[in-house]
Amino acid sequence: MTTTRPLLRRLLLGLAVLVLLVAASCGSDSDSDDSSSDTSGGTTETTAAAASGDLVGTFGIDPGADGADGAEVTGSYFRMVQSGGTVADGPFVPNGDSTATDQTYTLLEPGTDGGLTSGAFQPGPDPLFDADGNALADAIIQPVTFFGVSFSITTSDTDPESGDPVVEVTITDEDGTLVGQTTAVTAAYGGQQFNQGAPKPDGSLPGETTEVTGTYDAESGAYTLDWASQIVGGSFDGFTGVWHLEGTFEAG
């Protein structure tokens, strides 16, 4: 009996120590789980926050399409407001070469880059025009005929009209609403170049020039972008280009 009692005491002591060790281990696992849960929660919050902010990549252009049975034009298009008119009410210049039923709409097709890129320039080729004044730039949009001569658009670090330095297109998502600037956008037509960005290189919004607005669905990447840019000087002085792009944004 004398020998058995010390053994029993040591056994009970060992069991007590084992219980304490198991309890400590469970507490550690629980803490780890809590920590993991907290980290996961933090990641979720970060991802959600990243859904809003600067969109750097390509705004893919859906081709413009004539509305069926008199319906509105869909996809991407260009319109030109006559000098003295307004973006809201026109009058708009009819393009005799437009394939749309309403020829005040000139339908756009995506270029070799797929669309308009933010965060990088998309300059035109050299030469920019052929011998007849047709624009050859085809990265953003395919050259499209306007009164017998093809026009297109480019972006570069210097505005060809003013000679002022400009920055890349920047577009920001603010909870589904797009804002930004397209200052570097230039139209090439008939051997001439016209700034078609908003705002202008000096930061102004002359005449019917509007700020860039749009919509964005972060899940699908679907977007719309709209702006207007009044031409200052040259043969189209006072005319305003109205731009509507829509499609899917791809980051990168």
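The values are calculated or read from the model by the stated rules, or taken from the named source; none is laboratory data. None of the values given here were measured: they were computed from a predicted structure. Every residue, glycine as well, gets a Cβ built from its backbone with ideal geometry; the counts of neighbours run over all protein chains shown.
Before moving on, here are some points about what is shown:
- Being within 28 Å of Pro91 (Cα to Cα) and in contact with a Leu (Cβ under 7 Å, 6 or more places away or on another chain) is a property that Ile141 has.
- Failed criterion for Trp227 (all others in (1) closer than 22 Å to Leu108 by Cα; (2) not in a strand (DSSP E or B) hold): (2)
- Counted as qualifying within the stretch 134-194 are the strands (runs of 3 or more DSSP E) with 3 or more residues that are touching a strand residue (DSSP E or B) at 6+ places or on another chain (Cβ under 9 Å) and aliphatic (A, V, I, L, M), namely 185-189.
- Index of the failed condition, Gly234 passing every other in (1) at pLDDT below 95; (2) part of a strand (DSSP E or B): (2)
- Scanning the stretch 130-151 for residues that are out of contact with any Ser or Thr (no Cβ under 9 Å at 6 or more places or on another chain), crowded, with 16+ Cβ neighbours inside 10 Å and touching a residue at least 40 places away in the same chain (Cβ under 8 Å) turns up just one, Val149.
Results for (1) polar (S, T, N, Q); (2) touching a residue at least 24 places away in the same chain (Cβ under 8 Å); (3) closer than 19 Å to Ala187 by Cβ, shown as yes or no for each residue.
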residue	(1), (2), (3)
Val56	no, yes, no
Tyr77	no, yes, yes
Ser83	yes, yes, yes
Gln103	yes, no, yes
Thr117	yes, yes, yes
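- Scanning the stretch 58-107 for residues that are buried (at least 17 other Cβ atoms within 10 Å of the Cβ) and on the phi > 0 side of the Ramachandran plot gives a single hit, Gly75.
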